[in-house]
1. Can you tell me which residues in the stretch 305-356 are among the polar types (S, T, N, Q), in contact (Cβ under 8 Å) with a residue 60 or more places away in the chain and either touching a Lys or Arg at 6+ places or on another chain (Cβ under 8 Å) or in a strand (DSSP E or B) (or both)?
2. Would you pick out the residues in the stretch 62-77 that are surrounded by 17 or more Cβ atoms within 10 Å (Cβ to Cβ) and not hydrophobic (A, V, I, L, M, F, W, C)?
3. What do you reckon, is residue 80 among the polar types (S, T, N, Q), surrounded by fewer than 20 Cβ atoms within 10 Å (Cβ to Cβ) and under 28 Å from residue 200 (Cβ atoms)?
4. Got at least one residue in the stretch 334-353 being more than 24 Å from the chain's Cα centre (by Cα), modelled with pLDDT under 85 and surrounded by fewer than 16 Cβ atoms within 10 Å (Cβ to Cβ)?
5. What residue, of 156, 145, 174, is more than 30 Å from residue 117 (Cβ to Cβ) and not in a loop (DSSP other than H, G, I, E, B)?
6. Kindly evaluate residue 319 against the criterion of being in the same structural domain as residue 365 (by TED's automatic domain parsing) and at pLDDT below 80.
7. Condition first: under 30 Å from residue 195 (Cβ atoms), in the same structural domain as residue 173 (by TED's automatic domain parsing), without any contact (Cβ under 8 Å) to a residue 12 or more places away in the chain and among the aliphatic types (A, V, I, L, M). Can you find one or more residues in the stretch 102-118 that meet it?
8. From the list 354, 341, 362, pick out the single residue that is farther than 18 Å from residue 327 by Cβ and in contact with a strand residue (DSSP E or B) (Cβ under 9 Å, 6 or more places away or on another chain).
Amino acid sequence: MMWVVFLFAFQITLIQIAGIYLRYYAFEEQFTPTAKGSLWKNIALLSLGVIGGYALAFSHIGITVAGYKAALLLGWIPYQYLLMDAIPRQLLHHTFVISMSLLWSFIIHSLSCVVLAFFFMDYAVEEVLQAEACIYIIFFLMLLPLSRYFFKTLLPTFSLFTRHKVRIYIAILPFIMTLGYVAMISDRTLWHSWEERLARLLLPAAFVFTYHYIMGTAKQIYERKRLQHNKSVMKQELLYLEEARLLAADNKNQVQKQLDSLLETYEQLRQLINYGNLEGAKSYIEEQEEKLSAGTILPYTDNAIVNAAISIYLNRAKNAGIEIIPKVNLPRDMKTDENDLSVLLANLLENALLACIKEHGLRQITLILQHNGSQCVLEIANTFNGSLKLGEDGLPKANHSGHGIGMLSLKTFLNKYDGYADFNCENGWARVTIYWEDKLPC
């Protein structure tokens, strides 16, 4: 009967929608409300066409094991195209999520087959296949809380691996496992032995949960390293604040001395003016202004730590005889965490200062920190007549001893704010340019 074919086509379509829902759920946080609505509208329209296509195909070839398996193994591709179109340029992420979702689907199908073996051995093929599709949907709904948690944690853990080769390995391994499983079940056999049923259930289940455990362990290791890094950062920030306090105290002493001599200063200016020596008075005023500005913590931003980090290294460079040229323009309402930015600034300025101190002749550091809408750019350049050695990750290899968290803090910052860093060394200058999104930290 035609209604049986339409029902079967509807069941298979529900299975495909269940699969795309899990894959969508892994990327859910990357969607805006408008993008979500557009995606699911396209999925609904596609599903209507898919139901009609399945109904037409099964009405001609009949409800067969080969047709059912072909629909399950290939029917997810149009849905995945919609998801990849909505979340482009993330091939490894999609490969990883697709593989894990297919393995999860194989687990549920294997559970359904176990139930069929108990209750539907004597039924016709068409009835068995429709029962399998129905049981699959029931198991999917029962396991939905577990699968939602599982897929929600896939990409955050995957993103912890910053090395490209490691990401490829993590994405490809479950994909290879999926291909092997597809080769195992791509036949026209309806009933298999209990050994085969159990193997087809336990093999993907063992892989999925073991892989999840390994990824969870990797996340714990990363968290421990992150805590150690944060501890180092906090200690460094305390040192910055203490140095800033001492600098501010020194400024206070200088101001007090200037206040004590203020009457004398006024008297000298009065005498210079009375004698008509205006040039002398002007030079004297400029001399006093230079004294006032020496060592001052300038208000580049509303955040004390960022100001302290910049001012400290300005002062250190000045004491070392290095000219530093700052150009800073930050808004009051930046979303980038000031602590993250101050640590990044301090580490990069320290690296530039250490490199510049060893130079002969021109010794200069330029600092550019600008904000434009949702984009930020930081550029630090220093005179340098050597060569810049880059590691596999594109970041410089340290060639001097120090606190050891410079490049680690840069990697953390880039990952946190979807940033990009470019290093180059030419014409006697070493330069780092960093671009990032001004957003709330992840």
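1. 336
2. 67, 68, 69, 75
3. Details: among the polar types (S, T, N, Q): yes; surrounded by fewer than 20 Cβ atoms within 10 Å (Cβ to Cβ): yes; under 28 Å from residue 200 (Cβ atoms): yes.
Criteria met by residue 80.
4. Within the stretch 334-353 (the criterion being more than 24 Å from the chain's Cα centre (by Cα), modelled with pLDDT under 85 and surrounded by fewer than 16 Cβ atoms within 10 Å (Cβ to Cβ)), the answer is no, since none of the residues qualifies.
5. On the way: 145 fails: more than 30 Å from residue 117 (Cβ to Cβ); 174 fails: more than 30 Å from residue 117 (Cβ to Cβ).
It is 156.
6. On the way: in the same structural domain as residue 365 (by TED's automatic domain parsing): yes; at pLDDT below 80: no.
When the stated conditions are applied, residue 319 does not pass them.
7. So the first thing to find is which residues in the stretch 102-118 are under 30 Å from residue 195 (Cβ atoms), and the list is 102-118.
Remaining after also requiring in the same structural domain as residue 173 (by TED's automatic domain parsing): 102-118.
From what is left, the residues that are without any contact (Cβ under 8 Å) to a residue 12 or more places away in the chain are 118.
Imposing the further condition that a residue be among the aliphatic types (A, V, I, L, M) reduces the set to none.
No, every residue in the stretch 102-118 fails to be under 30 Å from residue 195 (Cβ atoms), in the same structural domain as residue 173 (by TED's automatic domain parsing), without any contact (Cβ under 8 Å) to a residue 12 or more places away in the chain and among the aliphatic types (A, V, I, L, M).
8. On the way: 354 fails: in contact with a strand residue (DSSP E or B) (Cβ under 9 Å, 6 or more places away or on another chain); 341 fails: farther than 18 Å from residue 327 by Cβ.
Exactly one of 354, 341, 362 is farther than 18 Å from residue 327 by Cβ and in contact with a strand residue (DSSP E or B) (Cβ under 9 Å, 6 or more places away or on another chain), namely 362.
The values are calculated or read from the model by the stated rules, or taken from the named source; none is laboratory data. For clarity, every value in this text was computed on a predicted model and none was experimentally measured. Cβ atoms come from the backbone with ideal geometry, glycine included; neighbour counts cover every protein chain shown.
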